[in-house]
1. Restricting the count to DSSP beta bridges whose residues both fall in the stretch 1-154, what percent are antiparallel, rounded to a multiple of 5?
2. Of all beta bridges DSSP finds with both residues in the chain, what is the antiparallel percent, to the nearest 5?
3. For residue 209, list the lysines whose Cα falls under 16 Å from its own Cα; do not include residues on the same chain fewer than 8 positions away.
4. May I ask you to sort 72, 62, 130 by Cβ crowding, counting other Cβ atoms within 10 Å and putting the fewest first?
5. With charges only on Cβ, +1 for K and R and -1 for D and E, what is the dipole size of the stretch 3-309 about its Cα centre, in debye, rounded to 20?
6. Mind checking which aspartates and glutamates have their Cα closer than 12 Å to the Cα of residue 121? Skip sequence neighbours fewer than 8 apart in that chain.
7. Taking the beta-carbon count within 10 Å as an exposure proxy, list 36, 87 from fewest neighbours to most.
8. Can you tell me, using C-alpha contacts under 8 Å and at least 6 residues apart, the relative contact order of the chain as a whole percent?
Amino acid sequence: MKSIYFLGECMVELKSIDDTTMRQSFAGDVYNSAVYLKRCFPSLNSGILTAVGDDALSKRMVEQFEQEQINVDFAFVHSTKAPGVYYIQTDENGERSFTYWRNDSAARQIMTFLDDDVIDKLAEADMVFVSGISLAILDNTELNKLWGVLETLRGNGVNIVFDPNYRARLWHSQQEAKSAFDRAFALANTTLPGVEDLAVLYGLKRADKVIQFCREAGCQEIVVKDGPSSVVTSVNGQMEVHPVKPVDHVVDTTSAGDAFNGAYLGARLSGFDVKKAVACAAKAAGTVIQYPGAIAPAEAFNHAMVDFVSA
Ligand code: AMP
C-alpha cells in the first residue's frame, strides 16, 4: 500500500453560533490534506505525524482522525501539553477573524517523538509532507532536528513534499521564515506553493517566476496554485499551464489549498499523470469552497469526486 505522512498540527476549532453557543470541530492544514487525500483515494495510507495531549479533547481529536480513516500510528501523546485552539468570529458583513491559542501546543513537541525507530518506519513511506506552518511551530533546535530527519528520509528514497503555506503571524520575522523556506525548498522533491506565498518573502509575483525559483532550489515536481483561474506545473523541466474553471458560488475558501494538496498527492501516488492529478485536485478544491469550514461534508464531497475517486 502506498503511503504518505503529513507532519504538523491539528487544532481544536471553535466557531460562534450565537451569543452563547460555540460549535467545536477539528482542523489544521496537514490534517485537512490527510482527510481529503483519504476520501479521494481510500486505498492509500494517509497518516498524520503529530503530537496531541492526554486530555479529553485530544482523545476526541484522535477519534476524529480514525473516523476519517487516517493512520494514527504517529499521532503521539504528550503527557503534559494540550492541543492548540482557534476561534473563528464572523462579523455582520461575513468577514471572518481568527484568535489562536497555540503557542504551547502539544504538536510543537512533535520532534521529541521522532526516535530512530520512528524514522526507520517513516523511511518506508512513499511521501512525507511538511508545510510552512509545520516549520513555524518548531523552535530552532527542533527545526534543525527536522532538517536532519528529512535528509535521512530523502536519502532513503522518500519523496519530501513542501507547501510553504506562509502565515506571517507565525514567524518572528520574514528573514526567519525565508531561511526556513530556503532549507525546505532545497530538501523537497515536490513542492506545491501558492503564488501569494512567495510574493511577500521573495518578491515573486508570477507563476513562471515561482517555477524558476523552485527549479533552481532543486525541486523536480513543482505545482503552483495561481489563484482561482490556473495551476502551473513543472515536472522534470516540463512546464504546463492548467486552466481551472472558477466556481460561481464560493461560500468559504478555507482549506482550498489543503484539499488541492491532498487530492493532488493522492492522485500522483495512485499513478495519475500530472494533468489528471491537477484536474482531480482542482475539482476537490473547487468543491470544498462551496461548503463552510475546513472539512466539507463527506457525502457531498465524495459525490462531487466520483469521476476521479479510485475504488
Ligand atoms: P488558494 O487557496 O487560493 O491557493 O486556492 C487553492 C486552489 O483552490 C486553487 O489552485 C484552485 O484550484 C482552487 N480555487 C480557489 N479559488 C477558486 C475559485 N474561486 N474557483 C475554483 N477553484 C478555486
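None of the figures in this text is laboratory data; all of them are computed from the coordinates on show. Since we're looking at a predicted model, the values are computed, not measured. Using ideal geometry, Cβ is built from the backbone for each residue, glycine included, and neighbour counts are taken over all protein chains shown.
1. Values: 13 of 30 bridges.
For the stretch 1-154, the DSSP antiparallel bridge percentage is about 45.
2. Numbers: 25 of 52 bridges.
Of those bridges, close to 50 percent are antiparallel.
3. 225
4. Numbers: 72 15, 62 19, 130 26.
Ordered from fewest to most neighbouring Cβ atoms within 10 Å, 72, 62, 130 come out as 72, 62, 130.
5. On the way: 27 positive and 40 negative charges, 126 e Å.
With only Lys, Arg, Asp and Glu charged at Cβ, the dipole is about 600 debye.
6. 73
7. Numbers: 36 32, 87 15.
Ascending number of Cβ neighbours within 10 Å: 87, 36.
8. This gives 17 percent for the chain.
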